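Presented below is the structure to which this report refers.
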């Protein structure tokens, strides 16, 4: 598949940071088990990956702003373009050596996400999307699943840590949906949950209180795969981080069931 210059820039940056994370993943199991050791190591790996992404993306597109999980917002001279980046989505998985984590890169122009890359270096699955040009995984075109009966659907979800986010609401939502779906999956990396809705592996996904860098790339991925993404309660999605998605039917059914519970 012939990729645009923009996607090539993003893929190159993601792969370089991914090689760094893959090396670090191999070191985790050798670390002394302690309260500080592995967690401190992962924090450094996270920051190192973000710095790599900042350097590569800024070199390729000087002047663009940069908004990342580790270092926050860095203003650019071009106020209309901003990179939104999570250098390591799925930090807890990474810390435990679970190969379910990703680098997530989105480019926002004004208020619109126009390009996205999500890369899992553990299995070399590379998701790309550009506005109006479709979504792909390792060059294969993606389409959301077509199931139209909720009881046949596998739904991805999140569960906040106690004390962070509304844990009680999350349990209430799961209790309402559980009898109506085929099953839940909670994998611990929002960008990959969205990418796997785009690929048709998951039929839908919902989660609350995410950050913009968790979901920006995945939002475009799902939409370019023919899916529907919105804010659960009708607000601004990148502000609240309350995401729900699927094909049009699944999205609408999940929204109908979730919205009254808040």
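The values are calculated or read from the model by the stated rules, or taken from the named source; none is laboratory data. Since the structure is predicted, the reported quantities are computational estimates derived from the model, not experimental observations. Cβ: placed from backbone, ideal geometry, glycine included. Neighbour counts: every protein chain shown.
Listed values, structure above:
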item: So residue 156, is it in contact with a helix residue (DSSP H, G or I) (Cβ under 7 Å, 6 or more places away or on another chain), surrounded by 17 or more Cβ atoms within 10 Å (Cβ to Cβ) and not in a loop (DSSP other than H, G, I, E, B); result: yes
item: Scope the range 238-249; condition touching a helix residue (DSSP H, G or I) at 6+ places or on another chain (Cβ under 7 Å) and over 16 Å from residue 158 (Cα atoms); matching residues; result: 238
item: Residue satisfying all of: in the range 133-146; over 20 Å from residue 210 (Cβ atoms) and assigned to a loop (DSSP other than H, G, I, E, B); modelled with the lowest pLDDT among these; result: 139
item: Candidates 196, 149 - the one that is at pLDDT 95 or above and over 26 Å from residue 119 (Cβ atoms); result: 149
item: Residues of the range 56-90 classified as part of a helix (DSSP H, G or I) and either touching a helix residue (DSSP H, G or I) at 6+ places or on another chain (Cβ under 7 Å) or farther than 17 Å from residue 5 by Cα (or both), total; result: 3
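Listed here are the residues, each with its yes/no results for (1) out of contact with any helix residue (DSSP H, G or I) (no Cβ under 6 Å at 6 or more places or on another chain); (2) outside the structural domain of residue 90 (by the TED database); (3) in a helix (DSSP H, G or I); (4) surrounded by fewer than 13 Cβ atoms within 10 Å (Cβ to Cβ).
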site: 161; (1), (2), (3), (4): yes, yes, no, yes
site: 168; (1), (2), (3), (4): yes, yes, yes, yes
site: 171; (1), (2), (3), (4): yes, yes, yes, yes
site: 175; (1), (2), (3), (4): yes, yes, yes, yes
site: 179; (1), (2), (3), (4): yes, yes, yes, yes
site: 184; (1), (2), (3), (4): yes, yes, no, no
site: 193; (1), (2), (3), (4): yes, yes, yes, no
site: 196; (1), (2), (3), (4): yes, yes, yes, no
site: 201; (1), (2), (3), (4): yes, yes, no, no
